[in-house]
Amino acid sequence: MKRKLLIITLLLLSASMTLAQKVRIRVFADTKLDNAELRASFGTYELYFNDTIRADMKRNSKIELTAKGNTIRISLNDSTIGRYTKVKLVATGLKCFFSITPDGNEKLKRMYDDDITVYANSNSLILINEVAYDNYIAAVVQSETWGATSNVEFFKVQALCCRNYMYKNLNKHAKDGYNLCDDVHCQVYKGRANKPEVIEAVYKTKGEVIVDNSNSIIETPFHSNSGGETLAAVDVWGKDVPYLVSVQDSFSLASRNLLWEKTIRIRQWQNYFKEKGIDIKDSANLVEIMSFSQKDGRKKDLLGVPLVQIRKDFGLKSTFFSVQEWGSDVKLTGKGYGHGVGLSQEGAINMCEQGYEYWEVIQHYFPSCAVVKEEDLK
Ligand SMILES: [Zn+2]
């Protein structure tokens with residue numbers, strides 16, 4: 001009887017393993033690597049060379065890979081195996097993870113869940129981690145937000161945003177042969193998650209996504225702090241997205257990134273607008289440039305110059321600023337940090353700490369949207 005139960009359990013486990021969908025992420029995408037050591041840290045792996053030749057890789061076994069042109073020189077536990085064009089490590093259990101140490105540099109060592117395939121191209125290793133969706137999402141949430149808080153409810157908010165991003169961008173690197181990279185270009189992914197709060201948040205929101213009122217998975221941009229009012233996508237990126245609208249956001253008003261100041265020479269400030277074709281001899285224009293105010297709410301431009309452009313040109317933390325004369329300078333006093341569209345992370349943390357649930361936070365920042373189970377969309 002016991003044996004029968006064990007067989008059934010094993011069958012169920014292997015079924016859930018094959019069901020676990022995986023995403024292909026290029027790791028160390030920003031680094032040119034000609035050598036890497038991979039070590040089975042937990043669980044047993046199967047090794048495949050050029051898809052056909054197989055070896056076992058027990059816990060703590062290591063494999064060393066060196067790119068030679070478009071091939072990889074391989075040694076397993078210090079014994080030379082040969083040269084192949086492709087190496088694959090396949091996990092044999094539900095929980096398996098391995099480490100990658102690039103170029104013998106222990107400081108750059110990172111741990112990853114699940115499988116990996118390695119190719120070589122022009123003396124460089126291409127490392128593609130095939131990782132279960134939720135393992136990837138937990139790792140991204142930890143990479144991008146750990147340190148700001150340890151609030152599980154907030155990690156649920158971030159988990160949904162990361163899951164949405166993943167689904168929306170599965171084809172971003174299709175031409176390169178994988179789904180996403182591990183860099184800011186896609187989502188920052190610097191190794192597996194190990195914080196229990198983060199893993200719990202991802203597990204408890206398994207399969208949940210954010211959709212608009214036509215049941216389409218939405219884009220979920222986020223920024224550090226809205227300054228008290230978020231911006232519509234059309235006012236920042238010039239593209240109207242019906243669910244990325246401006247919302248009043250008092251939750252962002254009590255955070256460390258709320259206020260900022262910057263002083264700029266009066267001459268530099270006035271010349272900037274002159275170069276933009278504005279007649280600064282006109283006294284009404286001059287008054288507006290020298291005492292521009294957003295104290296009563298966010299504006300989109302200053303005498304026709306988009307605030308997003310001014311933010312970029314002067315390296316400002318946000319577009320939510322007012323101007324006053326300050327000796328031979330102008331002083332810009334601003335609120336918020338980041339582009340201002342979508343979710344304000346500091347506002348969301350405050351909401352969660354006040355007891356709001358993750359779906360309430362999401363509905364606050366994406367007002368016409370809802371949290372649904374992905375399977376209900378099919
Ligand atoms: Zn990318």
Hits in the stretch 324-378 - residues which are out of contact with any strand residue (DSSP E or B) (no Cβ under 6 Å at 6 or more places or on another chain), among the hydroxyl-bearing types (Ser, Thr, Tyr) and within 30 Å of Arg265 (Cβ to Cβ): Ser328
Of the conditions (1) surrounded by fewer than 19 Cβ atoms within 10 Å (Cβ to Cβ); (2) within 16 Å of the ligand (Cβ to nearest atom); (3) under 22 Å from Ser368 (Cβ atoms), Cys162 satisfies every one except a single condition; which number is it? (1)
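Among the residues in the stretch 145-156, are any assigned by TED's automatic domain parsing to the domain that holds Leu33, within 15 Å of the ligand (Cβ to nearest atom) and either under 19 Å from Thr220 (Cα atoms) or over 14 Å from the mean Cα position of the chain (by Cα) (or both)?
Scanning the stretch 145-156 turns up no residue that is assigned by TED's automatic domain parsing to the domain that holds Leu33, within 15 Å of the ligand (Cβ to nearest atom) and either under 19 Å from Thr220 (Cα atoms) or over 14 Å from the mean Cα position of the chain (by Cα) (or both).
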Condition met for Ala138 (out of contact with any strand residue (DSSP E or B) (no Cβ under 7 Å at 6 or more places or on another chain) and more than 16 Å from the ligand (Cβ to nearest atom)): yes
What tally of residues in the stretch 250-275 results from selecting those that are in a strand (DSSP E or B) and closer than 30 Å to Phe222 by Cβ? 6
Take Lys262 and decide whether it is in contact with a helix residue (DSSP H, G or I) (Cβ under 8 Å, 6 or more places away or on another chain), more than 26 Å from Cys369 (Cα to Cα) and touching a residue at least 40 places away in the same chain (Cβ under 8 Å). yes
Filter result for the condition that a residue is surrounded by fewer than 21 Cβ atoms within 10 Å (Cβ to Cβ) and either over 21 Å from Met111 (Cα atoms) or within 16 Å of the ligand (Cβ to nearest atom) (or both), over Ser216, Ser226: Ser216
Here are some conditions: (1) acidic (Asp, Glu); (2) surrounded by fewer than 22 Cβ atoms within 10 Å (Cβ to Cβ); (3) within 23 Å of the chain's Cα centre (by Cα). Asp51 meets all but one. Which one does it not meet? (3)
Among the residues of the stretch 356-378, what is the count of those that are part of a helix (DSSP H, G or I) and touching a residue at least 12 places away in the same chain (Cβ under 8 Å)? 9
Suppose we keep only residues that are touching a residue at least 40 places away in the same chain (Cβ under 8 Å) and more than 10 Å from the ligand (Cβ to nearest atom) within the stretch 173-188. Which one would you say is nearest to Asn121 (Cα to Cα)? Gly177
Scanning the stretch 185-216 for residues that are under 16 Å from Gln158 (Cβ atoms) and hydrophobic (A, V, I, L, M, F, W, C) gives Cys186, Val188, Ala193, Val198, Ile199, Ala201, Val202, Val209, Ile210
Of (1) touching a Gly at 6+ places or on another chain (Cβ under 9 Å); (2) over 15 Å from His339 (Cα atoms), Thr230 satisfies all except one. Which? (2)
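To keep it simple, each residue is scored yes or no on (1) in contact with a Gly (Cβ under 8 Å, 6 or more places away or on another chain); (2) of a type outside the set (Val, Ile, Thr).
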site	(1), (2)
Ser283	no, yes
Val305	no, no
Arg311	no, yes
Asp329	no, yes
Gln345	no, yes
Gly355	no, yes
Glu374	yes, yes
Looking at the stretch 346-361, is at least one residue under 18 Å from the mean Cα position of the chain (by Cα) and surrounded by fewer than 24 Cβ atoms within 10 Å (Cβ to Cβ)? yes
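The values are calculated or read from the model by the stated rules, or taken from the named source; none is laboratory data. The structure displayed is predicted, hence computed values, not measured ones. All Cβ positions, glycine included, derive from the backbone under ideal geometry; neighbour counts span all protein chains shown.
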